[in-house]
1. Students often check this: by mean Cβ neighbours within 10 Å, which of 159-166, 50-57 ranks highest, and how do the rest follow?
2. Starting from the Cα-Cα distance between SER74 and VAL102, subtract it from 0.36 nm times their residue separation and give me the gain in nm to one decimal.
3. Can you give me the distance in nm between label points at GLU136 and VAL159, each placed 7 Å from the Cα along the Cα-to-Cβ direction?
4. Each residue of the range 113-127 in turn: what ³J(HN,Hα) in whole Hz from Karplus with 6.51, -1.76, 1.60 and θ = phi - 60°, glycine and Pro shown as x?
5. Using per-residue counts of other Cβ atoms within 10 Å, averaged over each peptide, order 89-102, 132-145, 62-75 from highest down.
6. Give me the percent relative contact order of the range 15-70, please, defined on Cα pairs under 8 angstrom at least 6 residues apart.
7. Starting from 0.36 nm per residue, how many nanometres of slack lie between HIS2 and ASN55 once their C-alpha separation is accounted for?
8. Quick one: net charge around THR134, please, counting Lys, Arg +1 and Asp, Glu -1 for every other residue with C-beta under 13 Å from its C-beta.
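Every number here is computed from the coordinates shown, using simple stated rules; none is lab data. Just so it is clear, the structure is predicted and the values come from calculations on it, not from any experiment. Here the Cβ is made from the backbone with ideal geometry for all residues, glycine too, and neighbour counts use every protein chain on show.
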Amino acid sequence: MHVLAFHNRIREKVAIGDLEGFDSASDMRQLTWSPTLEESATLWAEQCRGNESDNCRKIPQFPNVGQNVWTKCSPSTYPELPTILDELFSSKEGVTSEMIKVYEKDMKIDHKSHRLFTQIIWANTYRLGCGVVTYESVNKTPIILCTAFVCNYAPAGNVVNKPVYLPGTPGRNCPDLTAVRKSILTGRPYSVYHHLLADDCNIH
């Protein structure tokens with residue numbers, strides 16, 4: 001699942017301190033795919049509302065769901081998903097260590113592109129579902145071709161006055177002392193990303 005791998009690879013790069021300008025993370029969780037979040041994200045993408053967010057996206061399992069919306073248009077061809085993912089990754093530019101320490105209310109207004117990346121690397125988020133649709137924008141002359149990409153995240157990130165993640169040694173804030181990657185011998189779920197917390201690791 002390309003979109004899921006895109007997210008987890010970024011999260012692992014942050015976790016091990018391999019992303020320039022970002023400290024390593026001690027509590028970064030691995031994301032797993034949610035068909036329910038995928039369905040709700042796709043339904044919103046199908047509304048063709050540009051970069052507007054859906055305010056009614058909570059689901060029974062998660063009352064608080066975060067969302068990233070990225071719509072890109074072209075006069076000649078539908079923008080491809082890899083291009084959109086590259087632009088989402090570029091939203092890391094300008095994210096500072098102070099923003100990582102505490103997500104402030106003003107960021108929602110002053111740093112709209114930055115909040116895309118802070119949601120992608122929000123440590124305590126562990127479920128992801130995305131949808132992508134293409135459509136013609138008939139409100140434009142001439143007609144332009146658009147690709148809408150929507151991702152829903154649970155639990156939601158970008159929580160005011162909370163850290164994006166806790167700096168430190170990867171996995172240090174997992175109470176399971178058997179290391180970040182769960183042992184296959186135990187029969188318990190484990191993270192395929194060696195420096196991300198497995199799905200059943202409770203964060204204190």
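1. Ranking, from highest mean packing down: 159-166, 50-57.
2. 6.4 nm
3. Placing both labels 7 Å along Cα→Cβ, they lie 4.6 nm apart.
4. Once rounded to whole Hz, the list reads 6, 5, 5, 4, 6, 5, 5, 4, 9, 5, 4, 8, 6, 9, 10.
5. 62-75, 89-102, 132-145
6. 22 percent
7. Roughly 16.4 nm would be gained on extension.
8. Residues near THR134 contribute -2 overall.
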